[in-house]
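Working notes, structure below.
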Amino acid sequence: MTLSILHRGTGIVMAVGLLLLTAWLACVAAGPADYDRFAAMMSTLFGRLLLIGWSFAFFYHLANGIRHLVWDSGRGFEKRQANASAWFVLIAALAVTAAFWAVLL
Amino acid sequence: MSLRAPLGRVLGLGSAKDGTGHWWAQRVSAVALTFLGLWFVVRISAVSILDYGKVVEFVGNPLNSVLLTLLCLAAAYHSYLGVQVVIEDYVHAAGPKVVSLILSHFAHIIVAVVSIYAILRVGLGA
């Protein structure tokens, strides 16, 4: 239940976050000076938190999206299965986000 | 101009008026993004993201340029479909609804075009 609205929430976060991906690519195209300014902005505490939130939204939406695709195939609707996959999605999203930043930092 | 009879055109469309088209497009772009998104995070985590030269090398690599373009297209499309549903669910007044749908439509097209233009600029070395 909570996970369902979280799917929508993370989707909106990424819709807005798409601007960040676009800004990143535009700055790569614009040249080293603009890129360094963008990189410096993203290296601040606020920028970091933004990126960590973005990445969690991505991994959560990805994991829960796959869960939805499985449901679309007509499988996994038993209460026990749905509860188990909910926990799996939540833990996987947190774990992969942590692993991603462990590699990055 | 369609040769289909008016009855044939509306049968099975339901109250949303577009049948399963939107639902299906959302699923297809989701499947594409599963692969493209995973590719991106795996590859980008291995790039020294603060090093401008390394980033240009990554984006400018031909295979990466193509996959990044596909990623941006699929992401913008999937996001457009998702935001459309959110607007339709929460914005009820006709005026604001149409205006926000059009704004979201424009914004997503701009995001896609700017991203792809930037990728091509780097990839083609302009």
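No value in this document is a laboratory result; all are computed from the given coordinates. These figures come from a predicted structure and were not determined experimentally. Cβ: placed from backbone, ideal geometry, glycine included. Neighbour counts: every protein chain shown.
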Listed by chain and number, the lysines with an alpha carbon less than 25 angstrom from that of B:LYS17, same-chain partners under 8 positions apart left out, are B:LYS97
HN-Hα couplings for region B:94-102 via Karplus (6.51, -1.76, 1.60; θ = phi - 60°), in whole Hz with x for Gly/Pro, come out as 4, x, x, 5, 4, 4, 5, 5, 5
Longest chain B segment clear of trypsin sites (Lys or Arg not before Pro) sitting in DSSP loops (not H, G, I, E or B) with at most 16 other Cβ atoms within 10 Å runs B:18-126
What helix-only [θ] at 222 nm does chain B give? Using -39500 (n - 2.57) per DSSP H run of at least 4, over all residues, to the nearest 500, the answer is -26500 deg cm²/dmol
Here region A:39-53 yields Karplus 3J(HN,Hα) values (6.51, -1.76, 1.60; θ = phi - 60°; whole Hz; Gly and Pro given as x) of 4, 5, 4, 6, 8, 5, 4, 4, x, 4, 4, 4, 5, 5, x
Once phi for every residue in region B:105-113 is put through the Karplus expression 6.51 cos²θ - 1.76 cosθ + 1.60 (θ = phi - 60°), the whole-Hz ³J(HN,Hα) values, with Gly and Pro written as x, are 4, 4, 4, 5, 5, 4, 4, 5, 5
Expressed as a whole-number percentage, the relative contact order of chain B with C-alpha contacts under 8 angstrom and at least six residues apart is 28
Comparing B:ALA107, B:ALA75, B:ALA46 in a Gaussian network model of chain B (Cα, 10 Å), the one with the largest mean-square fluctuation is B:ALA46
Placing each pseudo-label 7 Å from Cα in the direction of the beta carbon, B:LEU70 and A:ASP34 end up separated by a distance in nanometres of 2.7
Those chymotrypsin sites (Phe, Trp or Tyr not before Pro) from region A:24-105 that are DSSP loop and have at most 10 other Cβ neighbours within 10 Å turn out to be A:PHE77
FRET efficiency (B:ALA46, A:LEU94; Cβ distance; R0 25 Å; to 0.05) is 0.70
Scoring chain A by relative contact order with C-alpha pairs under 8 Å, at least six apart, yields a percentage of 31
